[in-house]
Amino acid sequence: CSLSPLRLGPLRSHRSTAGEVSSMPAMKRPAAASGVASAAKKGRRTADPNLAKYDSIAAVVRDADGYPSGIKDMLASAVKVSLAAPRDVRHGFAESMLAMMEEVLKSVEASVRQKVAELELKVGESDQEKAVREAAVDSTTASCAVLTEALEGAKAKLTAANEEHAKAKAALHAAEAAQKSGDEALHAAADRKAQLEAVSTGDYAVVKETTSPKILKAFLKAVQGFGFDGDLVKAAESTFAKTAGDKGMFDGLVVKELDAAFAAALEAVGEELASGEPAKAERASAVEAARAEAAAKAEVEQASKAELGETQAVLAAAVGAKKAAEKAAKDFGPEMKKASADLAAAGKELAERLVVLATFEVLAARTTPPPPEPEAPPAEEAPAEEKAEGGAPRVEGDAVMAEATA
């Protein structure tokens, strides 16, 4: 800046009316004008007073969430160059950069406001949340008690099912053993009948008609297994060793007794077989019934095992829920303390962000200030002896001109 020409006006008018003004010694510049020039030069050397504001704006832009880091770094590095120039002389590219910065800053404000609102809601509903957590503890405790009782019932049910299944299996084994024993006896009777019939129509018929030591020996061996009278068997050996011509009345009686013995044995075994069939069917039916009962008891046992397992699983989940509810109730106090601290911090952060946004808006909207009004030259008080007759003060130039014309 240079001093205003108006400040030199009085001096220039006096010089124009004097003939010897060019021979006057050089005059010193007034102190006020010298001070203005010095301040102007100093102003040209003074740094931008908004540097700290630029840095605060750039820091908020860099910390914004939801934008790529490269974009944020670009915008942050452009804060100073975009805001340094007033709006009326600012380049269009800088305006577009400022529009993006404003979007980022407002998104930061909105995010912090949302955070504050959520924390205010959490702190404001602390009483309800405390009641909910306490109710959860009571509910899960009651559920655990009910399920513990149910678990004991399931265990008792499984124990009873195990016992019933064991009894059913024992009954099945007994029925199967009875069936095996009865069926074996019946099979033995059938085998005896077949042997009686075979010997009666085979070897016995031969030895009655012919004399054959070999066949007689086989016959006697077979007869001993039929349970015939021992004396009768000995007599038969003697009788059948004789030829037909040598046999007498006694031999005829022996044959007659043997015929009766075969007939009686066949009749007895026939009756045994006839009576054994219903018993066999009854034994088979008993086995089937016992098998079905055992299978049913096995199903009950398996169902009881499954019920016990499910009850244990549900109880384990309930115990876990109870522990979680108790922990949540225990953590309520520290959580609310932290939420209050977070709310205070968020409120402070919001205030800081609002200041930065307001600063940004002011800097973005500022224009070049108008030039300052020219300052009037300072009035100097002249000594009493230098005053003119009319009482008007005389300036330094007047005194010089008076001396020059004397």
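Could you work out the Kirkwood radius for the stretch 316-384, taking every pair of different alpha carbons, averaging 1/r and inverting it, reported in Å?
Answer for the stretch 316-384: a Kirkwood hydrodynamic radius of 19.0 Å.
Count neighbours as other Cβ atoms within 10 Å of each site's Cβ, and list the trypsin sites (Lys or Arg not before Pro) in the stretch 137-242 that are DSSP loop with at most 16 such neighbours.
On the way: sites: LYS155, LYS157, LYS167, LYS169, LYS180, ARG192, LYS193, LYS208, LYS214, LYS217, LYS221, LYS234, LYS242; in loops: LYS242.
Passing both the DSSP loop test and the Cβ count: LYS242.
How big is the charge dipole of the stretch 87-127 about its Cα centre, in debye rounded to the nearest 20, if each Lys and Arg gets +1 on its Cβ and each Asp and Glu gets -1 on its Cβ?
With Lys and Arg at +1 and Asp and Glu at -1, about 200 debye.
For the stretch 130-232, take every pair of Cα atoms, bin their distances at 5 Å starting from 0, and report each bin as a whole percent.
Answer for the stretch 130-232: a P(r) of 2, 9, 9, 9, 7, 5, 6, 5, 5, 5, 5, 4, 4, 4, 4, 3, 3, 3, 3, 2, 2, 1, 0, 0 percent.
Could you give the semi-axes, largest first, of the ellipsoid that matches the stretch 246-285, computed as the square roots of 5 times the alpha carbon gyration tensor eigenvalues and rounded to whole Å?
For the stretch 246-285, the semi-axes come out at 39, 5, 4 Å.
Note the full-extension length gain between ALA358 and ILE71 as 0.36 nm times their separation in residues minus their Cα-Cα distance, in nm to one decimal.
Values: separation 287, 0.36 × 287 = 103.32 nm, distance 2.22 nm.
Length gained between ALA358 and ILE71: 101.1 nm.
Would you please name the GluC sites (Glu not before Pro) within the stretch 93-141 that are DSSP coil residues with at most 16 other C-beta atoms within 10 Å of their C-beta?
Details: sites: GLU95, GLU102, GLU103, GLU109, GLU118, GLU120, GLU125, GLU129, GLU134; in loops: GLU125.
Answer in residue order: GLU125.
In whole Å, what is the distance between the alpha-carbon centres of the stretch 78-130 and the stretch 351-370?
Spelled out, the Cα-based centre of one part sits 13 Å from the other.
Considering the Cα trace of the stretch 194-346, what is its radius of gyration and what is Dmax, both in angstroms?
43.9, 142
Among the aspartates and glutamates, which fall within straight-line cross-link reach of LYS330, defined as a Cα-Cα distance under 12 Å, with same-chain neighbours fewer than 8 residues apart omitted?
Within reach: GLU134.
Since every read-out is calculated from the coordinates, none of them should be taken as a lab result. All values reported here derive from a predicted model rather than from experimental measurement. A quick note on method: Cβ atoms are made from the backbone with ideal geometry, for glycine too, and the neighbour counts reach across all protein chains shown.
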